[in-house]
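Bear in mind these aren't lab numbers, they're just calculated from the coordinates by the rules spelled out. Model, not experiment: these values are computed from the prediction. Neighbour counts run over all protein chains shown; Cβ positions are idealised from the backbone, glycine included.
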Amino acid sequence: MNKKLRKAVIAGNWKMNKTPAEAKELIEGIKPLVKDADCGVVVCVPYIDLAVALEATKGTNIGVGAENCHWEKSGAFTGEISADMLSAIGVQYVIIGHSERRTYFGETDITVNKRVRAALDNGLTVILCVGEYLEQREQGITAELVAMQTKIALGGVSEDELKKIILAYEPVWAIGTGKTAPSAQENEVCAVIRSTVKELYNAAAADAMTVQYGGSMNAKNANELLDQPDVDGGLIGGASLKPADFAEIVKAANR
Ligand code: PEP
């Protein structure tokens, strides 16, 4: 596996944080700190902040993403936003299958797959999250589980469309907890995800796939995590809300 074949991407997941005014301020803080980055830099923000984020990142190297999308174009889905709506305003990325959506909002592998399909049909790049709960890790079924999540989510996705997919391995027990497994173990699961892509498609597709790690990545542990051969970037929650910390992680990806 050659890491140089793949582009590292550091993406912030702001979750349910920041008003539009605060979003502008945060992006203005991040902009100068990441302007020379070679890796991809993305901020995934609440729907209400998308317009401000798109405006504030114009002409910069920062991409803008949403945190979810619905699979239907339009209709009676109160409270939802479609992939069509996101692409209509110029959004480039969307997180799909985040464990907080699966845990708190009942999203399943099947609906994750539908959302992926809609996002791809609208030209969005998908940050597709998979990962196990602690109970599943303790049961020793992490590899099987993430392979299955990956397979279902990628159902009906062509090899060509994989260019618009970033896979994010996010162990649920590591998200927002400050806990991480030893980085070699995180790498092992990222490698399982990569070999699942190989099984579904081929070796070239697997080699080219960006596989991020997410779960309490911060300015202190980013170097070690990003040094792992199968970790090609990070999906960052808490630390993405602090410009200096987010920029340190971007710097770690650029070494
Ligand atoms: C996330 O929300 O995807 C995440 C990884 O959060 P945190 O970095 O705060 O663990």
Computed log₁₀ I(q)/I(0) - Debye formula, equal Cα scatterers, no solvent, segment 170-255, q 0.11, 0.19, 0.23 Å⁻¹: -0.29, -0.80, -1.06
Cα-Cα P(r), segment 1-89, percent of pairs per 5 Å interval: 3, 13, 22, 21, 17, 12, 8, 4, 1, 0
For Thr125, residues with placed amide H under 5 Å, excluding near neighbours: Tyr93, Val94
Segment 212-235 residues near the modelled Leu134 label - backbone nitrogen below 15 Å, point 7 Å along Cα→Cβ: 216
Listed residue (Thr150, Ala191, Cys39) projecting farthest to the positive dipole end of the chain, Cβ model: Cys39
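Can you give the translational diffusion coefficient of segment 1-52 in µm²/s, computed by Stokes-Einstein from the Kirkwood radius over Cα pairs at 4 °C and 1.567 mPa s?
Numbers: Rh = 12.4 Å.
This corresponds to a translational diffusion coefficient of 105 µm²/s.
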Kirkwood Rh in Å, taken over the chain so that all alpha-carbon pairs contribute: 17.9
Formal net charge of residues neighbouring Arg194 (Cβ-Cβ distance under 14 Å; K, R +1; D, E -1): -2
Per residue Cα convex hull volume in Å³ - calculated over segment 45-191: 135
Under the Karplus curve 6.51 cos²θ - 1.76 cosθ + 1.60, θ = phi - 60°, whole-Hz ³J(HN,Hα) for segment 103-111, x wherever Gly or Pro sits: 6, 8, 10, x, 6, 10, 4, 5, 6
Whole-Hz couplings from phi, Karplus 6.51/-1.76/1.60, listed for segment 149-165; x for Gly and Pro: 4, 5, 4, 5, 4, 8, x, x, 8, 7, 4, 5, 5, 4, 4, 9, 10
Over 19 Å (Cα to Cα) - which of Lys35/Lys58; Lys35/Lys220; Lys7/Lys58; Lys7/Lys163; Lys179/Lys251; Lys24/Lys73 fall in this group: Lys35/Lys220; Lys7/Lys58; Lys179/Lys251; Lys24/Lys73
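Can you give me the orientation-averaged projected area of the convex hull built on the Cα atoms of segment 69-126, in nm²?
3.7
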Compactness index (Cα Rg / 2.2 N^0.38 Å), segment 41-96: 1.11
Amide H contacts of Gly63 (H built 1.01 Å from N, under 5 Å, at least 5 apart or other chain): Val41, Val42, Val43
For segment 89-98, 3J(HN,Hα) per residue [Karplus equation, 6.51 cos²θ - 1.76 cosθ + 1.60, θ = phi - 60°, Hz, x = Gly/Pro]: 9, x, 5, 9, 10, 8, 7, 9, x, 4
Long-range amide H partners of Gln212 with built H, under 5 Å: Leu167, Ala168, Tyr169, Asp232
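Grab the other residues whose beta carbon is less than 13 angstrom from that of Ala205, score K and R as +1, D and E as -1, and report the net.
On the way: positive: Arg6, Lys163, Lys164, Arg194, Lys198; negative: Glu159, Asp160, Glu161, Glu199, Asp207.
Summing Lys/Arg as +1 and Asp/Glu as -1 gives 0.
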Ranked by how many other beta carbons lie within 10 Å on average, peptides 124-136, 80-92 from highest: 124-136, 80-92
Dipole magnitude (debye, nearest 20) for the chain, charges at Cβ of Lys, Arg, Asp, Glu: 420
